[in-house]
Amino acid sequence: SKLAALFEHPLYNIPMPEVTDKDKLFVVNPMEKFSLQSSGSDEWVSSSKAEAILPTGKTAYDTYPAWLKFHVGINRYELYPRRDPLMPTLLHDLATMRIVSSVQKSGGTQLKLIMTFPNYGQALFKPMKQSRDQETPMDFFYFSDFERHNAEIAAFHLDRILDFRRIPPVSGRLVNITKEIRDITTDKKLAKTFFISPAGNVCFYGECSYYCSTEHALCGKPDQLEGSVAALLPDKALAKRRSWRSPWRRSYHKSKKAEWELNPNYCAQVRQTPPYDRGHRLLDLIDMTVLDFLMGNMDRHHYETFEKFGNDTFLLHLDNGRGFGKHSHDEMSILAPLQQCCSIKKSTYLRLQLLATRPYLLSELLREALAADPLAPILTEPHLRALDRRLGKVLAAVGRCLAR
C-alpha cells in the first residue's frame with residue numbers, strides 16, 4: 001500500500017503539541033456510559049451511574065458509537081488523528097448503517113438531506129447530480145455549478161493525504177429512495193415532492209432556493225440513487241462554530257471583480273487585519289487555497305472554526321461539492337492568496353514536494369484511497385492526472401516566490 005508507506009514517512013509523523021483538557025472540544029467524564037434507551041427524543045442518553053469499568057472489562061468509552069468517539073476526539077489541532085483506528089468503522093457505518101429518518105436540511109441552494117441512524121448518529125446526504133465523466137461547461141459561472149457527490153468523497157481523501165485532516169469523514173452510499181427516504185421521512189414539504197417519472201423511476205426534488213424543481217429532480221434507477229454521506233459535526237448548541245468570510249471571496253456578480261483581483265498589494269492589507277495579523281491563520285487559509293486549487297473549487301466564500309478555540313486553531317474545510325468539475329482547466333485565480341502573499345507553511349511545502357515524487361505521486365495515492373469507497377471509481381482518470389499537473393503548478397508558484 002502506497003498510502004500506508006506515505007503515513008509512515010517522517011513528514012507524516014511530525015509530533016503534535018500536547019493536548020490538554022482546554023484543547024479538547026469536549027471533556028468527557030470517563031464514568032459516563034453511552035445508553036441507547038430512548039427518552040422519547042432523538043438524543044443519546046448518558047448514565048452517570050455506570051461503573052468506570054464495565055463487567056466485560058471494557059471502559060465506559062468503549063460503549064460509545066463511532067460517531068460519538070469522533071466528536072469526543074476533536075481538539076484544537078485536528079479534527080481526527082493521523083492514525084485513527086476509528087476511521088474504517090466510521091466510514092463503514094456511514095455506508096451501511098440502517099437509516100431511520102431522512103429530512104431535508106434547511107438553507108442552501110441545492111437539496112441535501114439529514115439522515116439519522118439507529119445509534120443516534122447523523123449524516124449529511126448529498127445526492128448524485130451529474131455523472132463522473134460530465135465536465136462543468138466552460139460558460140457556466142462557478143456559482144451556477146452543481147454540487148457533486150463524488151467531489152465530496154474525493155475531497156475528504158485528498159484532505160487526508162495532504163495531512164490537513166480538516167474535512168469530516170465522507171463515504172459514498174447507494175440509497176433506496178423509496179425505503180430510505182420517502183417511506184420514513186417526517187418532512188411534509190419533502191414528502192410532497194416525490195413522483196414517478198415517465199420512465200418509471202422514483203424521483204423527488206425537495207424545497208430550496210435554486211435547484212429544487214421538477215426540471216432538477218433527482219431520480220433513482222428505478223429507486224437506487226448514489227450520494228455522499230458525511231459525518232455531521234457536533235450540534236452547534238454543544239460546540240459553537242464561527243463562520244468567517246474569506247478575504248479572497250469572489251464577487252458572485254457576473255461582471256464585477258473583487259478587490260483582490262484589482263489590487264496587486266491586497267495581501268499587505270489582509271496581513272494588517274485581524275485575525276490574519278498574528279498566529280497561523282493566514283497560513284491555514286493558504287493551506288485551504290492549495291486544497292481548493294488541486295480540486296478546482298472556486299466556491300470558497302466562507303470557512304468555519306470551533307469558537308471554543310478562538311483564533312488559534314485549524315479551519316474547517318466544509319462544502320466541497322463544487323470541486324472536480326473541470327479536469328481540462330486549471331483555475332490559477334484560486335491560488336491568489338499563495339501568489340499574492342508568497343507564504344506557505346514549511347511542513348505543507350515539504351509534503352507537496354514529496355507528493356510530486358515517486359513512489360508518493362498524489363494521483364496514485366488518491367486512486368488507492370478512493371478504490372475502497374463503495375461507489376468506486378469516484379474520479380475519472382483525467383481528474384486524477386490533473387492533480388499531478390496542478391501540484392506542479394503550486395510548486396512552481398512557491399518556486400517563483402522563493403526566487404523573488
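The values are calculated or read from the model by the stated rules, or taken from the named source; none is laboratory data. Remember, predicted model here, so these are calculated numbers, not experimental data. For neighbour counting, all protein chains shown are included, and Cβ atoms are generated from backbone atoms with ideal geometry for every residue, glycine included. When the accessible area is computed, the model is the full protein with side chains, heavy atoms only, and any ligands, DNA or RNA have been set aside. Shrake-Rupley method; radii C 1.70, N 1.55, O 1.52, S 1.80 Å.
Numerical summary
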{"quantity": "Relative contact order (%) - the chain, alpha-carbon pairs under 8 angstrom, separation at least six", "calculated": "17 percent"}
{"quantity": "Whole-Å distance, taken between Cα centres, linking segment 219-253 and segment 279-303", "calculated": "16 Å"}
{"quantity": "Ile184 - accessible surface, heavy atoms, 1.4 Å probe, Å² rounded to 10", "calculated": "50 Å²"}
{"quantity": "Per residue value of the accessible surface for segment 285-404 (all protein chains in place, 1.4 Å probe), Å²", "calculated": "36 Å²"}
{"quantity": "Separation of the Ile196 and Val72 label points, Cα + 7 Å toward Cβ, nm", "calculated": "4.8 nm"}
{"quantity": "Local net charge near Glu180, Cβ-Cβ under 13 Å (Lys/Arg +1, Asp/Glu -1)", "calculated": "+1"}
{"quantity": "Sulfur and carbon atoms: percent of accessible area, segment 59-231 [1.4 Å]", "calculated": "55 percent"}
{"quantity": "Spacing of the two label points (7 Å from each Cα toward its C-beta) at Trp244 and Met87, in nm", "calculated": "2.5 nm"}
{"quantity": "Helix runs (DSSP H) in the chain reaching 20 Å along axis by Cα, Kyte-Doolittle at least -1.0", "calculated": "281-295, 381-403"}
{"quantity": "Segment 59-231, Rg to Rh (Cα coordinates; Rh as Kirkwood inverse mean 1/r)", "calculated": "0.99"}
{"quantity": "Gained length - Ser347 relative to His280, 0.36 nm times residue gap less alpha-carbon distance", "calculated": "22.9 nm"}
{"quantity": "Those aspartates and glutamates that a straight Cα-Cα span of less than 20 Å connects to Lys192, excepting residues fewer than 8 apart in one chain", "calculated": "Glu180, Asp183, Glu207, Glu215, Asp223"}
{"quantity": "Mean separation of Cα contacts under 8 Å, 6 or more apart, over the residue count of segment 241-403: relative contact order %", "calculated": "24 percent"}
{"quantity": "Area accessible to solvent at Asp235, 1.4 Å probe radius, in Å²", "calculated": "90 Å²"}
{"quantity": "Cross-link reach list, lysines versus Lys240, counting only Cα pairs under 16 Å and skipping chain neighbours closer than eight places", "calculated": "Lys22, Lys24, Lys308"}
{"quantity": "Packing-based order for 150-160, 318-328, 341-351, using average beta carbon neighbours within 10 Å, highest first", "calculated": "150-160, 318-328, 341-351"}
{"quantity": "Environment charge of Asp330, counting only residues whose C-beta is closer than 15 Å and scoring Lys/Arg +1, Asp/Glu -1", "calculated": "+1"}
{"quantity": "Approximate spin-label separation Leu262-Ala376, in nm, with each point projected 7 Å along Cα-to-Cβ", "calculated": "5.0 nm"}
{"quantity": "Across Lys129/Lys188; Lys188/Lys257; Lys254/Lys326; Lys69/Lys126, pairs whose alpha-carbon gap is larger than 30 Å", "calculated": "Lys188/Lys257"}
{"quantity": "Heavy-atom accessible area ranking, 1.4 Å probe, most first, across Lys308, Lys105, Lys240, Lys69", "calculated": "Lys240, Lys308, Lys105, Lys69"}
